[in-house]
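The values are calculated or read from the model by the stated rules, or taken from the named source; none is laboratory data. Being a predicted model, the structure only gives us computed values, none of them experimental. Positions of Cβ are generated from backbone atoms using ideal geometry, with glycine treated the same way; all protein chains shown enter the neighbour counts. Surface accessibility is based on the protein's heavy atoms, side chains included, excluding ligands, DNA and RNA. Shrake-Rupley method; radii C 1.70, N 1.55, O 1.52, S 1.80 Å.
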Amino acid sequence: MSDHYYTNSPQSKSQPQSWEAELRGYKLTFTTDSGVFSKERVDYGTQVLLSAVELADYPEGKLLDVGCGYGPLGLTLAKLDPSRSVEMVDINERALALAQKNAEDNHIKNVSIYASSLYANVEHQKFAGIFSNPPIRAGKKTVHAILEEAIFYLKKEGYLTIVIQRKQGAPSAQKKMEAVFGNVERISLDNGYWILQSQKK
């Protein structure tokens with residue numbers, strides 16, 4: 001079986017590398033490795049999602065990054081609003097270790113990074129916002145579980161915001177979010193990447 005980024009413990013040989021990226025005006029240093037998603041650069045979908053997000057529009061409270069990888073999404077959200085606590089979860093132990101290192105290297109303290117298969121170990125249930133660049137290769141069932149279960153972890157008026165390519169199931173995800181939340185809006189479209197958002201009413 002090939003080594004995917006949603007594996008608990010990647011078996012591929014560790015080959016760490018470090019590089020800089022500018023996200024929402026912040027220059028961040030990232031260390032990545034084999035066996036994690038988008039190890040060469042911050043993937044375009046994450047960049048599109050971050051460009052579309054205005055945290056001032058969200059209610060007060062914690063944020064959650066589901067499938068955080070080595071941390072570009074969650075860490076940037078934490079930089080954008082230091083008054084908020086950001087929880088970051090992933091199943092990939094190597095990615096989590098990298099996310100923790102990247103938080104420390106960029107002096108980002110308002111984050112909590114821990115292992116969780118989707119929401120399994122998430123205890124807080126009143127998030128102001130849940131964000132995800134879902135693991136497409138994990139399959140439609142996993143992606144849709146992120147969408148379906150989010151409503152149980154959001155506070156009233158909180159938002160679920162995801163990025164997904166049209167060719168990788170954006171229309172299906174849009175229908176699922178509409179079914180779960182009773183509303184969905186495509187707040188950005190860029191090069192085939194859809195940013196979809198639903199609000200818990």
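Here region 51-136 is treated as a sphere whose radius is the Kirkwood value from Cα pairs; by Stokes-Einstein at 25 °C and 0.890 mPa s it diffuses with a coefficient of 193 µm²/s. Modelled spin labels at LYS156 and SER112, positioned 7 Å past Cα toward Cβ, are 2.4 nm from each other. Fully extending the segment from GLU93 to GLU148, taken as 0.36 nm per residue of separation minus the present Cα-Cα distance, adds 17.4 nm.
Calculate what fraction, in whole %, of the accessible area of the chain sits on carbon and sulfur atoms when a 1.4 Å probe is rolled over the protein chains. Write out the running numbers ahead of the final one.
Numbers: 4360 of 9560 Å².
Of all accessible area on the chain, carbon and sulfur atoms account for 46 percent.
Would you compute, from DSSP H runs of 4+ residues alone, the mean residue ellipticity of the chain at 222 nm, taking -39500 (n - 2.57) per run and dividing by the full residue count, rounded to the nearest 500?
Calculated mean residue ellipticity at 222 nm is -8000 deg cm²/dmol.
Here the spin labels are modelled as points 7 Å beyond Cα on the Cα-Cβ line, and at ASP81 and GLN100 they lie 2.7 nm apart. In the chain the Cα-Cα distances spread across 10 Å bins starting at 0 as 9, 39, 39, 12, 1 percent of all pairs.
Rg over Rh for region 101-166 works out to 0.99, using Cα positions for both radii and the Kirkwood form for Rh.
Diagonalise the Cα gyration tensor of region 157-200 and give the resulting equivalent ellipsoid semi-axes, square root of 5 times each eigenvalue, largest first, whole Å. Write down the numbers at each step before the final one.
Details: eigenvalues 61, 25, 8 Å².
In descending order, the three semi-axes are 18, 11, 6 Å.
Each peptide in 143-151, 178-186 was scored by the mean count of other Cβ atoms within 10 Å over its residues; highest first, the order is 143-151, 178-186. In the context of the full set of protein chains, the chain has a per residue accessible area of 48 Å² (1.4 Å probe).
A simple spin-label model places pseudo-atoms 7 Å from Cα toward Cβ; at LEU55 and TYR26 they are separated by 0.7 nm.
Could you size up the charge dipole of region 121-201 around its Cα centre, putting +1 on the beta carbon of Lys and Arg and -1 on that of Asp and Glu, and report it in debye to the nearest 20?
Numbers: 13 positive and 7 negative charges, 37 e Å.
Roughly 180 debye for region 121-201.
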